[in-house]
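Encoded as structure tokens, the structure appears first; notes follow it.
The values are calculated or read from the model by the stated rules, or taken from the named source; none is laboratory data. All of these numbers come straight from a predicted model, not from anything done at the bench. All Cβ positions, even for glycine, are placed from backbone atoms using ideal geometry, and neighbour counts span all protein chains on display. Surface areas here come from the heavy atoms of the whole protein model, side chains and all, with no ligands, DNA or RNA. Shrake-Rupley method; radii C 1.70, N 1.55, O 1.52, S 1.80 Å.
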Amino acid sequence: MTAAWRPLGGPPTVTLLLRHGQTPYSVDKRFAGRIDIGLTAEGEAQARAAAARLAKAGVDAIVSSPLSRARLTAQAVASAAGGLPVAVDEGFAETDFGDWDGLTFAEAAARSQPEVDAWLASTAVAPPGGESFVTVRSRVLAGLSRVLSAYPGQKVVVVSHVTPMKILLAEALGAPLEAVHRMFLDTACLCQIDWYPDGPSVVRSLNDTAHLS
């Protein structure tokens, strides 16, 4: 029985997942893992647009990845929401892409096509010197557990990156981790997931960019 039809055990914790605004690497479609880059002027504008929308929605808390591109986006949300504090959680940091950080997909493949093929074929395989999606999933879900424990029944903006957001969406949908390869998330997009205290979760939106129109 879906959460929309079953008796509910209490109000959900609503996570509004916000991808950071545009960066120089997202423009060029480069792997951007733990490289600590900032936002472009367009990315700053995207962050302000998302912040204005979220301020109207009303939020109770803001949690951010520790990386600058996420924290800058989170600060825009905090300012629009009347100065809410921003909690930083390492669990929502982007995948460490190791030796591929800063490269395009084509450049990584030119270095070693077999390594790229192996990475695409298995979520347990890490880029050279980096993290596998299996490893990332463990820390993302640990971060989620901290959010659900700290903000039960509240509306929480989680400012993060492509991979952590996809992992949370796959988890909420009960989809295999391989589903991360079947989603597309724009910069500064929003995704809403409601997490109910008795177990079920509901994805309310995915890759919502209406505020960027």
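Annotations
- Helices (runs of 4 or more DSSP H) enclosed by the stretch 68-121 - at least 1 residues per element that are within 16 Å of Glu44 (Cα to Cα) and within 20 Å of the chain's Cα centre (by Cα): 68-80
- Matching option when the condition is in a strand (DSSP E or B) and either on the phi > 0 side of the Ramachandran plot or touching a residue at least 12 places away in the same chain (Cβ under 8 Å) (or both), among Val156, Val134, Val180: Val156
- Entry remark, the stretch 162-192: residues being open to solvent by 10 Å² or more (accessible area, probe 1.4 Å), of a type in the set (A, V, I, L, M) and closer than 12 Å to Val136 by Cβ number 2 in total.
- Test: residue in the stretch 205-213 that is more than 20 Å from Gln22 (Cα to Cα), surrounded by 15 or more Cβ atoms within 10 Å (Cβ to Cβ) and not aliphatic (A, V, I, L, M): no
- When the stretch 92-131 is filtered for residues that are out of contact with any strand residue (DSSP E or B) (no Cβ under 7 Å at 6 or more places or on another chain), open to solvent by less than 40 Å² (accessible area, probe 1.4 Å) and on the phi > 0 side of the Ramachandran plot, only Gly98 remains.
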